[in-house]
1. Determine, for B:258, B:253, the number of other Cβ atoms within 10 Å of each Cβ, and report the residues in order from fewest to most.
2. At 222 nm, what value in deg cm²/dmol follows for chain B if DSSP H runs of at least 4 each add -39500 (n - 2.57) and the sum is divided by all its residues, to the nearest 500?
3. Work out, step by step, the length gained on full extension between residue A:99 and residue A:17: first 0.36 nm times the residue separation, then minus their alpha carbon distance; give nm to one decimal.
4. How would you order B:115-121, A:167-173 from highest to lowest mean count of nearby Cβ atoms within 10 Å?
5. To test your reading of the geometry: what angle, between 0 and 90 degrees and rounded to tens, separates the Cα axis of helix A:114-123 from the longest principal axis of chain A?
6. Give me the one-decimal nm value for the distance between modelled label points at residue B:117 and residue B:84, 7 Å along each residue's Cα-to-Cβ direction.
7. How are the alpha carbon pair distances in region A:2-205 distributed across 10 Å bins from zero to the largest one, expressed in percent?
8. Hey, what angle do you get for helix A:170-180 against the long axis of chain A, alpha-carbon based, 0 to 90 degrees rounded to 10?
């Protein structure tokens with residue numbers, strides 16, 4: 001699988017300065033990429049462009065040579081797992097919101113048992129978390145771990161991780177690496193954490209365009 | 001049962017004298033609401049006089065086409081009110097979606113109750129059609145304002161959650177399901193609460209009106225039960241259809257939410 005950003009320009013509506021200018025990147029299966037750049041340099045924006053939530057002003061994003069629009073985009077969204085910086089699964093208990101993702105037709109066959117899911121929670125240091133706890137009442141770090149567990153169980157070919165270790169201690173980071181690093185995937189991560197970036201096999205620097 | 005005693009216009013004017021009490025209280029507490037009260041009372045009187053004369057005409061001529069025309073006008077007014085009282089812009093597609101949803105919500109329920117339950121020889125009979133439609137429509141309007149507003153407000157506020165679902169392999173329908181559920185619950189809660197307390201806390205207007213017109217309380221409660229069920233079903237149906245139809249306008253081909261349909265478009 002080859003994922004390519006070619007000469008991407010992008011500015012948010014109403015903003016004169018583009019956040020990305022002439023950005024290119026090619027990622028192959030097995031690549032574990034750390035996107036590096038200052039806050040606001042466009043790391044998260046790249047994920048949003050890739051997932052089709054924003055449209056590049058110029059340039060194309062392709063998967064195996066095919067542009068990610070319409071049907072290609074829908075199929076791609078089904079091949080990704082995205083860990084946002086602040087995961088919001090909505091109202092409801094942890095059990096309701098966690099398993100809701102496995103009610104989707106595309107994910108039904110990946111639904112883990114409660115025991116298996118809890119095993120991974122425990123592995124990630126979530127042993128005191130109860131299934132009936134309201135998702136909203138969990139801390140940022142706990143929500144991040146839940147998101148990582150979701151990425152693990154969804155087991156998609158492309159992983160998009162936005163600051164995956166920002167609220168984790170070193171022991172937990174090691175476990176996240178153990179759980180998610182996979183040679184059969186493309187992993188794109190936006191991270192400020194040197195611990196994480198040094199463990200990726202490619203580093204791509206994003207510099208905000210100079211006006 | 002006795003028939004109702006008509007009130008003369010003079011007697012009605014006499015009835016307005018009681019407004020002295022609320023106006024005194026509002027004035028004493030310097031609420032600055034006296035102007036609004038006078039305007040509201042005058043508007044209510046003018047609007048009801050207009051409706052009274054209009055309905056007299058509708059009932060007298062009882063023409064199915066005129067009756068249908070009146071219902072379409074009521075639905076159209078409800079349609080604009082729903083959009084104007086919500087966070088949504090007056091978009092043609094949205095107006096059309098909510099118009100069709102409200103009309104179907106009212107029409108299906110009317111058809112069911114008037115044709116199958118009351119078994120009217122002519123379901124377009126103004127005496128039944130107009131008041132029952134009006135009761136259902138008023139509640140549909142309230143339900144639509146709450147439900148449709150809640151749906152789009154929450155979607156706008158929690159757009160990242162919807163996007164997360166899409167990015168996790170959800171179809172548009174699956175990604176919107178939690179927002180849809182919350183909107184339906186919120187829109188129907190007032191009707192549920194009203195059903196649960198009816199008769200204990202208040203006597204509904206329709207039932208009171210019927211009894212004042214000489215109906216036996218037992219006939220009045222049967223109509224009231226029917227109308228409560230009709231309101232409940234009609235509200236839920238029109239909110240469901242309103243959201244469902246508006247989805248075609250509110251999303252682009254990539255299933256992204258079009259914030260351009262909101263009054264204050266967020267960039």
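1. Numbers: B:258 12, B:253 9.
The order, fewest Cβ neighbours first, is B:253, B:258.
2. Dividing the helical sum by the residues of chain B leaves -25000 deg cm²/dmol.
3. Extra length from residue A:99 to residue A:17 when fully extended: 25.4 nm.
4. A:167-173, B:115-121
5. Once rounded, one gets 70 degrees.
6. So the two model labels end up 3.1 nm from each other.
7. In order of increasing distance, the bins hold 8, 34, 35, 19, 3, 0 percent.
8. With rounding to tens, the tilt is 80 degrees.
Values quoted throughout were computed directly from the atomic coordinates according to the rules given, and no laboratory measurement underlies them. Since the structure is predicted, the reported quantities are computational estimates derived from the model, not experimental observations. Virtual Cβ from ideal backbone geometry, glycine too; neighbours counted across all protein chains shown.
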